[in-house]
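This report refers to the structure that appears directly beneath it.
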Amino acid sequence: MPRFSRRRLLAASAALPLVAIRTRPAGAAAFTYKFAHNLPPNHPLNLRAGEAAKRIAEATGGAVELRVFPSNQLGSDTDTLTQLRSGGVEFFTLSGLILSTLVPAAAINGVGFAFKDYPQVWAAMDGAVGAYVRGEIEKRGLIAFERMFDNGFRQITTSTHPIRTPDDLRGMKLRVPVSPLWTSMFQDLGASPVSINFNEVYSALQTRIADGQENPLALIETAKLYEVQKYCSLTNHMWDGFWFLANRRAFNRLPEDARAIVVREINRAAVEERGDTAALNASVRGQLAGQGLVFNDTDPAEFRGALRRGGFYADWQKRFGDKEWQVLESAVGTLS
């Protein structure tokens, strides 16, 4: 067994519950961990996660097995976050804006119209902004890996009318994730946001619980939201990504060199998924148009101006705190 002696694996396995050891079949992995996420099976994150799981199994001689569960199979985002904290799920990828219900600073990347392009995003999230947020996550007993997975810049789709200016959002029932920042931003733009977990979005749009939603183009395509929406307005109003989170107790039960392998392969998967998502977003507009979505461009300055006049930036500077706001503005420039 490469890199792992039988003695070391037996010692590490001693930390597992006795029932887990007794019921483990001969030849099975010493550590079988669940990796949950909310994306469809054909999304780049799920595909790269599967590749990473194979590499981890090979590099540890089969000692570490990651079982990947896409599409909220183990529960909604909020449910799975609870399972992650208790140890029922060992690994979970989650948007920082949803994670902010536990770690407020994790929402900092989602401040409306903060990032202008991908080079600015990765300089911030692979640099000082990401390092600060990881530190805050670790204070809550979780481990956040260094490289985030990309979810992309978010766009607005609707079933009623296109969004060209902030006024077009007034009164619209717009689905948003369960996150105060999303709710606050769209309220300040005049919409009526409805917080719904992603696994319920399609049905909410289909039954008109919500008139519209906002997500990156790649996810609009892979989740087939174009089937229940008519218009897509390219707002680029927010960049969102996924933190790869680990239950600290479960992660620390792995031998040290196994932990290094998991970190290396997951970070590699994240970087590869970024390239996949960028390529998918670059090509998917044409595919979605072919599925019937009607596209229109917008002027981000109009929306940013509306948020500034409404006090959105000043309010969130107070909510995050001057330290967090300074970390963000050092990467993206002055917002408020």
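The values are calculated or read from the model by the stated rules, or taken from the named source; none is laboratory data. For clarity, every value in this text was computed on a predicted model and none was experimentally measured. All Cβ positions, glycine included, derive from the backbone under ideal geometry; neighbour counts span all protein chains shown.
Looking only at segment 278-303, which residues are under 12 Å from Ile220 (Cα atoms), assigned to a helix (DSSP H, G or I) and not aliphatic (A, V, I, L, M)?
Asn281, Arg285, Gln287
Looking for whichever is within 30 Å of Arg67 (Cα to Cα) and in a loop (DSSP other than H, G, I, E, B) here; the options are Val178, Val262. Which one fits? If you could, list the steps in order and put the result at the bottom.
On the way: Val262 fails: in a loop (DSSP other than H, G, I, E, B).
Selected residue: Val178, the only one of Val178, Val262 that is within 30 Å of Arg67 (Cα to Cα) and in a loop (DSSP other than H, G, I, E, B).
Keeping to segment 168-200, report how many residues are closer than 16 Å to Tyr231 by Cα, within 22 Å of the chain's Cα centre (by Cα) and either in contact (Cβ under 8 Å) with a residue 40 or more places away in the chain or surrounded by fewer than 21 Cβ atoms within 10 Å (Cβ to Cβ) (or both).
Final tally of qualifying residues: 1.
Name the single residue, out of those in segment 68-83 being under 23 Å from Lys54 (Cβ atoms) and surrounded by fewer than 18 Cβ atoms within 10 Å (Cβ to Cβ), that is farthest from the chain's Cα centre (by Cα).
Ranking the candidates gives Gln73 first.
What's the total number of residues in segment 229-245 that are part of a strand (DSSP E or B) and either within 14 Å of the chain's Cα centre (by Cα) or hydroxyl-bearing (Ser, Thr, Tyr) (or both)?
Taking segment 229-245 as the starting set, the residues that turn out to be part of a strand (DSSP E or B) are 231-234, 239-245.
Now drop any that are not either within 14 Å of the chain's Cα centre (by Cα) or hydroxyl-bearing (Ser, Thr, Tyr) (or both), which leaves 231, 233, 239-245.
Counting residues in segment 229-245 that are part of a strand (DSSP E or B) and either within 14 Å of the chain's Cα centre (by Cα) or hydroxyl-bearing (Ser, Thr, Tyr) (or both) gives 9.
Specify the residue that is surrounded by the fewest Cβ atoms within 10 Å (Cβ to Cβ); the eligible residues are those in segment 288-328 that are of a type in the set (A, V, I, L, M) and free of Cβ contacts under 8 Å to residues at least 40 places away in the same chain. Please lay out each step first, then the result.
At the first step, the residues of segment 288-328 found to be of a type in the set (A, V, I, L, M) are 288-289, 293-294, 301, 306-307, 314, 327-328.
From what is left, the residues that are free of Cβ contacts under 8 Å to residues at least 40 places away in the same chain are 289, 301, 314.
Working: Ala289: 13, Ala301: 9, Ala314: 14.
Here the residue is Ala301.
Among the residues of segment 246-268, which ones are over 16 Å from the mean Cα position of the chain (by Cα) and either outside the structural domain of Val68 (by TED's automatic domain parsing) or within 21 Å of Gln120 (Cα to Cα) (or both)? Lay out the reasoning, then the answer.
Going through segment 246-268, the residues over 16 Å from the mean Cα position of the chain (by Cα) turn out to be 247-265, 268.
Answer for segment 246-268, where residues must be over 16 Å from the mean Cα position of the chain (by Cα) and either outside the structural domain of Val68 (by TED's automatic domain parsing) or within 21 Å of Gln120 (Cα to Cα) (or both): just Arg268.
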